[in-house]
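The values are calculated or read from the model by the stated rules, or taken from the named source; none is laboratory data. Keep in mind it's a predicted model, so treat the numbers as computed, not measured. For neighbour counting, all protein chains shown are included, and Cβ atoms are generated from backbone atoms with ideal geometry for every residue, glycine included.
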Amino acid sequence: MSKIHVTTQVNGDAVEFLCEPDETLLDVLRDRLNLTGAKEGCGTGDCGACSVTLNGRLVASCLVLGAEVAGSAIETVEGVGTADALHPIQQHLLDHAALQCGICTPGIIVAAKALLVQNPDPSEGEVRYWLAGNLCRCTGYDKIIRAVLSAAAEMRGENA
Amino acid sequence: MRYVVAKDSRDAVALLNTGENARLLAGGTDVLVQMKLGNKTPSLLIDIKSINGFSDIFAENGGFRIGAAVNGAEMGAHAALKAMWPGVVEAVELIGSTQVQGRATMVGNLCNGSPAADAVPAMLAAGAMARVEGPSGTRDMLVAELLKGPGQTKLGKAELISSIYLPARPEHSGDAYLRFIPRTEMDIAVASAGVNLVLDASGTVADATVALGAVAPTAVVVPDAAAALLGSKLGAQALEACAAACAAACSPIDDRRGTVEFRTKIAGVMATRAANIAYTRAGGQL
Ligand SMILES: Cc1cc2nc3c(=O)[nH]c(=O)nc-3n(C[C@H](O)[C@H](O)[C@H](O)COP(=O)(O)OP(=O)(O)OC[C@H]3O[C@@H](n4cnc5c(N)ncnc54)[C@H](O)[C@@H]3O)c2cc1C
Ligand code: FES
Ligand code: FES
């Protein structure tokens, strides 16, 4: 197999990489770009642990080829908040103890952020449906949903 | 395996025609899963998402033409399309999670050939037309004419679909799609139904199409179920006759997700409930 040369943008930085034609964006991020935030829970689109945004759209990076992202803009969990200044979603996940093993958490953060960009004031039902493709084996979801709702409230300037 | 970005439909058709084990790649939510599971390993992947017009939705002769690379999230965000064909859009929006919606296309759903594909009964009910491009040119055909069996379509080896056309609607019309799944989200239809109705000014059904999914080797149009609704205002008798006609059209598989008996019964339940929704959307008072 001959490798494909791809130029694209990840978290605002221009990047280039060589990848196999059948290599997923998830593998490129983790193995070639050292961005190991996105996780492989299933590799078949079912769990959402590999969530990233591609040109602003939430996708499962295990169902995108590295070759497909030439000239795109990708956002991963590494682009959300910093160690000193967590994003409100990250802070509220911590405050609500909404993670245990943490495998699902990067995907939840990216997915929840994408929701709040297009809907700053979602109902509980809207959050649950939006995150239905983000599986969590540990928490039972309730704390995650509450954390996202309270992060949304803070971001709207309510009970901050 | 090679990965090639097709420049235009002609290029894609020529690549399909090379005799290689080629596969078209739209959203990849079936193709990449099947490659991962080792079911289907093409030697050439032809990405059609960069072809001019393939990612566009545009108004045409009072209806809408939807490019083959338009994903579910884009269809859901198109207010005018959703207002005209809410049943088709809701069927597409049922496909997978938010993440899957960001990639999955209606044409990919059709061409993957699953008997339970959610968009297909809704497209059948709507009378959707597929624009097919191949070595001998372009033709428009009803989506219904393309259905063949599990994992198959009637497309030729070097043919592709460039767009789907949803026609103009008369006044007082509405469509709806419903599926039964054992959970609330993220599952495959056990039985499903798409219904499209046109009412006259008095609210009587003047035209109807009923289509079922997941109860036969392909999605099926059920003319008898539609005939049962004609001339009615969806009274109990019409709905019962519609459900009976749906049951008669079922030849489902028996599996752990649904028995033959259950699928046969639920198909009619989905159809009559979808008919009620379509009727209300068409402006009828139940
Ligand atoms: C987690 C998950 C959940 C899912 N849930 C559902 C669900 O609830 N309901 C449902 O119906 N499906 C579901 N699916 C299946 C899949 O998402 C849909 O079938 C989707 O619509 C496929 O579209 P795509 O663009 O991703 O197709 P692709 O994977 O790109 O292609 C699918 C097939 O169509 C062919 N093809 C693509 N474009 C064309 C074209 N223009 N002309 C001719 N052939 C073409 C491809 O070669 C391939 O054979 C799910 C999948 C996943 C991973
Ligand atoms: S690893 Fe991508 S959805 Fe599970
Ligand atoms: S915290 Fe373990 S999977 Fe969610």
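Note on region A:1-42: among residues that are in a loop (DSSP other than H, G, I, E, B) and small (Gly, Ala, Ser), the one that is modelled with the lowest pLDDT is A:Ser2.
Residues considered: A:Glu124, A:Glu154. Of these, the only one that is in contact with a helix residue (DSSP H, G or I) (Cβ under 7 Å, 6 or more places away or on another chain), within 26 Å of B:Glu74 (Cα to Cα) and either modelled with pLDDT of 95 or more or among the polar types (S, T, N, Q) (or both) is A:Glu124.
Scanning region A:15-36 for residues that are within 16 Å of the chain's Cα centre (by Cα) and either exposed (fewer than 15 other Cβ atoms within 10 Å of the Cβ) or under 19 Å from B:Thr41 (Cα atoms) (or both) returns A:Thr24, A:Leu25, A:Asp27, A:Asn34, A:Thr36. Being of a type outside the set (S, T, N, Q) and either assigned to a loop (DSSP other than H, G, I, E, B) or away from ligand 1 (no atom under 15 Å from the Cβ) (or both) narrows it down to one residue among A:Ala67, A:Ala83; which is it? Unique residue meeting the criteria: A:Ala83. The condition (being away from ligand 3 (no atom under 16 Å from the Cβ) and over 17 Å from B:Gln101 (Cα atoms)) is satisfied by just one residue among A:Gly71, A:Gly45, A:Gly102: A:Gly71. The set of residues from region A:48-58 being more than 9 Å from every other protein chain (Cβ to nearest Cβ) and on the phi > 0 side of the Ramachandran plot comprises A:Asn55, A:Gly56. With respect to the conditions (1) more than 16 Å from ligand 2 (Cβ to nearest atom); (2) within 13 Å of chain A (Cβ to nearest Cβ), B:Val107 lacks only one, and its number is (2). Note on region B:147-185: residues that are under 27 Å from B:Gly53 (Cα atoms) and among the β-branched types (Val, Ile, Thr) total 3. Would you confirm whether or not region A:50-57 contains a residue that is crowded, with 22+ Cβ neighbours inside 10 Å, assigned to a strand (DSSP E or B) and of a type in the set (Gly, Ala, Ser)? Looking for residues that are crowded, with 22+ Cβ neighbours inside 10 Å, assigned to a strand (DSSP E or B) and of a type in the set (Gly, Ala, Ser), one finds at least one in region A:50-57, hence yes. Looking across region B:215-233, the residues that are buried (at least 24 other Cβ atoms within 10 Å of the Cβ) and over 19 Å from the mean Cα position of the chain (by Cα) come down to B:Ala228, B:Leu229. Taken over region A:107-138, the criterion of being surrounded by fewer than 21 Cβ atoms within 10 Å (Cβ to Cβ) and either within 11 Å of ligand 3 (Cβ to nearest atom) or β-branched (Val, Ile, Thr) (or both) is satisfied by A:Val117, A:Leu135, A:Arg137, A:Cys138.
Among the residues making up region B:165-204, a single one is without any contact (Cβ under 8 Å) to a residue 60 or more places away in the chain and basic (Lys, Arg): B:Arg183. In region B:166-202, the qualifying residues are those that are more than 30 Å from A:Gly125 (Cβ to Cβ) and among the small types (Gly, Ala, Ser), and the one that is surrounded by the most Cβ atoms within 10 Å (Cβ to Cβ) is B:Ala168.
Exactly one residue out of A:Lys143, A:Lys113 is within 27 Å of B:Arg103 (Cβ to Cβ), more than 16 Å from ligand 2 (Cβ to nearest atom) and basic (Lys, Arg), and it is A:Lys113. If only residues of region B:83-97 that are surrounded by fewer than 24 Cβ atoms within 10 Å (Cβ to Cβ) and within 14 Å of chain A (Cβ to nearest Cβ) are counted, the one that is nearest to B:Lys148 (Cα to Cα) is B:Ile95. Taking region B:1-55 as the range and being polar (S, T, N, Q) and surrounded by fewer than 15 Cβ atoms within 10 Å (Cβ to Cβ) as the test, the residues that pass are B:Thr18, B:Asn21, B:Asn39, B:Thr41, B:Ser43, B:Asn52.
Considering only residues of region B:99-113 that are more than 7 Å from ligand 1 (Cβ to nearest atom) and crowded, with 24+ Cβ neighbours inside 10 Å, which is farthest from the chain's Cα centre (by Cα)? So, considering only residues that are more than 7 Å from ligand 1 (Cβ to nearest atom) and crowded, with 24+ Cβ neighbours inside 10 Å, the one farthest from the chain's Cα centre (by Cα) is B:Gln99.
For A:Gly45, the requirement of being in a loop (DSSP other than H, G, I, E, B), within 12 Å of chain B (Cβ to nearest Cβ) and within 26 Å of B:Val33 (Cα to Cα) is met. Considering region B:184-202, the residues that are within 14 Å of chain A (Cβ to nearest Cβ) and in contact with a helix residue (DSSP H, G or I) (Cβ under 9 Å, 6 or more places away or on another chain) include one that is nearest to ligand 1 (Cβ to nearest atom), namely B:Met186. Filtering B:Val210, B:Val269, B:Val205 for residues that are within 30 Å of B:Gln152 (Cβ to Cβ) and either crowded, with 24+ Cβ neighbours inside 10 Å or modelled with pLDDT under 95 (or both) leaves a single hit, B:Val210.
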